[in-house]
Structure formats: structure tokens, C-alpha cells
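Chemist: Here's a structure for you.
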Amino acid sequence: MDFIIAHDVGTQSNKAVLIGTDGKVYDSFEKSYKIDFPKPGWVEQDPEDYWGAICLTTRQVVSKLKRDDQILAMVFSTQAMGIIPVDKKGALLYKNISWVDARANRQSEKIMKRFLGKAVFEKITGVVLSAKDVIPKLLWIKEQLPEVYKNTYKFLDVNGYLKFKCTNKMVAEWSGACSYGFDINKKDWERTFFKIAGIDQKKLPDLVRSTDLVGNLTEKAAKELGLTTNVKIFGGSDDTQSAAMGSGQIDHHQAHIYLGSSAWIGVSSQKNYKFKNGMASLQSADPTSNLMVGITESAGVNVEWALSKLYKEEKEKGEDIYDLMEKEVSEIPAGADNLIFTPWFQGERTPVTDTTVRSTIFNLGLEHNRGHIMCAMLEGIGYNLKWTINNIHRDYGIAIKEVTVIGGGSQNDAWMQSLSDILQVKLNITKNPKMAGAIGSAMTAFVGLGLENDFTKIKEFNPVIKTYHPRKDHKEVYQKMFENYKVLYHSLKKAYHDINFERFNRN
């Protein structure tokens, strides 16, 4: 048996997954790394921590193999929108500015003024430029760190940096380029956009497809990884696109939801839909297809935060706090006794694009306990996804009746049933929901190696094994809570901006 190593490089950790040429998962190993918050609204990570995790986890999953020539290829599925400036030799000039970083409000407004203002910009592009978008943050580097900008040979995303560490080649893959500025029709950088923003296009890497061979491992990389120089490195993709592939929902207008550190709903499409209400039309991991996606910035990371605060004593005693949380949540009535907990811990992108909004617990009373709080938090993520699904129906005419759910959150039975009730759609759970990103990423190597002619086989690699059906008796209460959820945002939008804008923009 030969194998492919697929790395799922997330915001909090990297997971190496050993996948056989039969499409089955044979082993996996995970290593976490830290996140830095140097200032309000700033989020950074050390790219060397990614590489250290890649090397450790790779060595772990290959340690039991009988021969070192069993690994055919390695591929990366990574967090999107990373900004890693490197010099001509690949030396780091600054930490990775994370996708959730929101330091560039002033730069985003400046760029939109160059397009004759926010209204004109939104009419042209279909979306308002955000402080979390890449091009404003590139302009921030140019203005605030002029020496870093001057000495930057290429700006690499996380996937590009890891491919460079493996091959010494600096490239950007199509799906990753979408988070910077990519023309889906021309399959090229949005060069006019970069020019107007004042970003030197020579600092952008050459483009490759997900299935393209970037190169073989260098001797140095092979030694650090415990592999041979025969291992091939392919383009790979961003995590959103690889997870969409791994969900198996790759046919026109099929939908999936991912529940991990963040959450999103994705709809596969052969069309290139216009950006609206934070929804983005991206290049799929399949170079011949597209993916429309709406991202909820915070989901699982919120749950981890709440568990660390509300279940600290039980955790220190060694109790399984996830089982305890699920049990307590299952005992809370639908709607959490009229408690609302919004999920906007790190601002929001979809269904509203707002970098100053933050989470709020609304209508908390003495009748509520920690089970209510956890239940309301999970329901709040559901309301955010419902809002996005409603926008998809209104803006694009796509009625979503069935969704496949992947990611760690899909393992929470109480959450999945309430999510089905909130959305009023059937939810399908796959055999390996936490491995979907790695499986989807591995598929790009399967095609790149010529083991498969196209991506259709992915449907067999991660089949559906469980289904949740919406309960009609909870429809009314959830609809009422959802309407109040939207009112809450619009009522507090100005207050969020007034209290946070200056705080987040003290460069």
C-alpha cells in the first residue's frame, strides 16, 4: 500500500493524516501551536510554529510504516488569508498576520475611497471591503512597516510558505489566491485591484492549480520531515475548499456546513456568482469548479473559551467536559428559555461584514444556568448560519433543503439536532467529519498523481452514516428567537462601532 500525507493546518493546530491510495484514513496525529494577540484586533502566529508542527506530525504518522518509499506525495490544506512576508532567500520578515486579524480599518476605507467611496465599491464588487481582507492589510504593512514592505520579495499565504519550506519554490495556489484577490474567470490575480490599492504586483507569487506538481522535497526538508526526496508536493488548497471537497458535496448547488474553530456554509457551483452580503464566490479545490461560501468567523473557538471558563473545575478533575456539556445542553428547552448568545467573538464576515461587532449575552436572568449559556451559544451559531442560508435563497435563488455537516462540531448530537431544527433542513453526518479537510486535500494529490482522472471518487471516500431530521414542533420558537437575534445586531451595531473602532485602530 502507498500513501499520501495530507496536512490540515488550522488556526489552532495542525493535523497530519495518512491516507492510503484506497482513500481510507490509516493514521493521524495532531499538534497545537499558539496564537498571539499583541493589540486589540490584532492576531498573529509564528510561521515556524507551523513548520515545527508539520515536521513532528509527519514523523509520527510515518513511524510505523515498513518502507520509506511508501509515501508518494504530501499536500497541505491551510487556513486562508495568511500574510507572510519573506525576502528573496525565504527568510521571515514578520509573523503571519492571521485571517481573523482586523488591524486595517483605515486602509480598507482608504482603498474604497479610491473607488469613489464605499457605495460605489460595493456596487462594483458586491461586497464592502473589510479590515480583515488581505489587500488592506498589505497596505497597512506598506504604511506602518515600510522596511518590511521594501524588503519583501514575496507575500506568501500559509500554504505557500509551507510549500516553500518543502521545495524552495514560492507559489500561490488558485483557491488560496482567492483570499487575496483572484479573477476566477481569467485565472489570474486581480491586477487592477492591486494597482489601485498601491500594492506592488511583483511581490505576488506565481500561480499554480491545486493539482499541479510544485516540486519534490529538498534534501533539507526531507531530512527534517523524515521522508525521502522522492515525495512530491502538489498545490493543495485552502481549508474551506478542501473541506468542501471532503464533504462530498461537489455537484452543482449541493451544500455543506463546516463546524470547527470557525463555521461556514458552502455551496458548490459551476457558476461564478457575484459577492453579496459577505458571501464570496471562490475557486474550488477542483480547478474546473467554484464554491460559494459564507464564513462565520467564530464557532468552535467560542465553545472552547466557554468550556474553559464554565467547566474549569470539572476539567481539572479530569472529567469529560464535552460529554458533560452535551448532557446539560440536551436538558435545556429549545430557545434556551429566551436567552441569546451571539457568536461574534472576533467580529463577523457573514451574514454581516462587521469588524467591530463582538459577542453579546442577551436576556440573562436568575433562571438561567451554565447549560442555558452553552445551549444559547450553540443556538447562536445556528442563527448565524440560518441568516446566511436565508440570504443565499434571497440573493441567488438557491433553496437549500439538505446539508452535509463536517468538522468536530458535527459530533455533538444535541447541537446537530437543534441545528436541524433551527435551519429546518435535513442534516447528514459523514464517516470521517473531522478528517474531511485532509481527505479533500489528498484528493488534489490523487488527481495530480494521475491516480484519479477527476474528483468524483471523493463521494466514496467519506460517505454519510447518520442523518438528523428537523422537528416541526420547535420551528416556531426558533423562528421567534432568530428574528430577535437579527434585531439585536441592528440595535447594537452603532454601539459596537463606537466602543471598538478607535480601540482596534491604534496602530
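Chemist: For region 4-45, name all the residues that are hydrophobic (A, V, I, L, M, F, W, C), surrounded by fewer than 22 Cβ atoms within 10 Å (Cβ to Cβ) and either outside the structural domain of residue 59 (by TED's automatic domain parsing) or closer than 25 Å to residue 462 by Cα (or both). Spell out how you get there, then give the answer.
Modeler: In the first step, residues of region 4-45 are kept if they are hydrophobic (A, V, I, L, M, F, W, C); the result is 4-6, 9, 16-19, 25, 29, 35, 37, 42-43.
Checking the rest, the ones that are also surrounded by fewer than 22 Cβ atoms within 10 Å (Cβ to Cβ) come to 25, 29, 35, 37, 42-43.
Correct list: 25, 29.
Chemist: In region 408-422, what count of residues is obtained for those that are hydrophobic (A, V, I, L, M, F, W, C) and touching a strand residue (DSSP E or B) at 6+ places or on another chain (Cβ under 7 Å)?
Modeler: Our first condition is that a residue be hydrophobic (A, V, I, L, M, F, W, C); within region 408-422, this holds for 414-416, 419, 422.
Pick out the ones that are also touching a strand residue (DSSP E or B) at 6+ places or on another chain (Cβ under 7 Å) and you get 416, 419.
Residues in region 408-422 being hydrophobic (A, V, I, L, M, F, W, C) and touching a strand residue (DSSP E or B) at 6+ places or on another chain (Cβ under 7 Å): 2 in total.
Chemist: Something else now. Please count how many residues of region 269-288 are surrounded by 24 or more Cβ atoms within 10 Å (Cβ to Cβ) and in a strand (DSSP E or B). Walk me through how you get there before you give the answer.
Modeler: Step one: of region 269-288, the residues surrounded by 24 or more Cβ atoms within 10 Å (Cβ to Cβ) are 279, 282-286.
Remaining after also requiring in a strand (DSSP E or B): 279, 282-283.
Residues flagged as surrounded by 24 or more Cβ atoms within 10 Å (Cβ to Cβ) and in a strand (DSSP E or B) within region 269-288 amount to 3.
Chemist: Moving to a separate point now. State the number of residues belonging to region 152-188 that are surrounded by fewer than 19 Cβ atoms within 10 Å (Cβ to Cβ) and either assigned to a strand (DSSP E or B) or outside the structural domain of residue 137 (by TED's automatic domain parsing) (or both). Even if it seems obvious, please write down each step before you answer.
Modeler: Looking only at region 152-188, we keep the residues that are surrounded by fewer than 19 Cβ atoms within 10 Å (Cβ to Cβ), and these are 153, 167-169, 183-188.
Filter once more, so that each one left must be either assigned to a strand (DSSP E or B) or outside the structural domain of residue 137 (by TED's automatic domain parsing) (or both): 183, 188.
Number of matching residues: 2.
Chemist: If the requirement is being of a type outside the set (S, T, N, Q), within 25 Å of the chain's Cα centre (by Cα) and part of a helix (DSSP H, G or I), which of these qualifies: 137, 110?
Modeler: Details: 110 fails: within 25 Å of the chain's Cα centre (by Cα).
The unique qualifying residue is 137.
Chemist: Among the candidates 13, 63, which residue alone is at pLDDT below 95, under 27 Å from residue 446 (Cα atoms) and touching an Asp or Glu at 6+ places or on another chain (Cβ under 7 Å)?
Modeler: On the way: 63 fails: touching an Asp or Glu at 6+ places or on another chain (Cβ under 7 Å).
It is 13.
Chemist: Further question: Which residue pairs have Cβ atoms under 7 Å apart, sit 6 or more places apart or on different chains, and have a first residue in region 77-89 that is without any contact (Cβ under 8 Å) to a residue 60 or more places away in the chain and more than 16 Å from residue 48 (Cβ to Cβ) and a second that is outside any loop (DSSP other than H, G, I, E, B) and not hydroxyl-bearing (Ser, Thr, Tyr)?
Modeler: Going by the 7 Å Cβ cut-off, there are no qualifying pairs.
Chemist: Looking for whichever is within 13 Å of the chain's Cα centre (by Cα) and within 15 Å of residue 381 (Cβ to Cβ) here; the options are 296, 240. Which one fits?
Modeler: On the way: 240 fails: within 15 Å of residue 381 (Cβ to Cβ).
Selected residue: 296, the only one of 296, 240 that is within 13 Å of the chain's Cα centre (by Cα) and within 15 Å of residue 381 (Cβ to Cβ).
Chemist: Among the numbered conditions (1) in a loop (DSSP other than H, G, I, E, B); (2) over 20 Å from the mean Cα position of the chain (by Cα); (3) touching a residue at least 40 places away in the same chain (Cβ under 8 Å); (4) under 25 Å from residue 343 (Cα atoms), tell me where residue 368 comes up short.
Modeler: (3)
Chemist: Sort through 250, 257 and tell me the only one that's outside the structural domain of residue 194 (by TED's automatic domain parsing), in a loop (DSSP other than H, G, I, E, B) and either buried (at least 22 other Cβ atoms within 10 Å of the Cβ) or free of Cβ contacts under 8 Å to residues at least 24 places away in the same chain (or both).
Modeler: 250
The values are calculated or read from the model by the stated rules, or taken from the named source; none is laboratory data. Computed from a prediction, not measured in an experiment: that's the story for all the values here. As a convention, Cβ positions derive from the backbone with ideal geometry for all residues, glycine included, and neighbour counts pool all protein chains shown.
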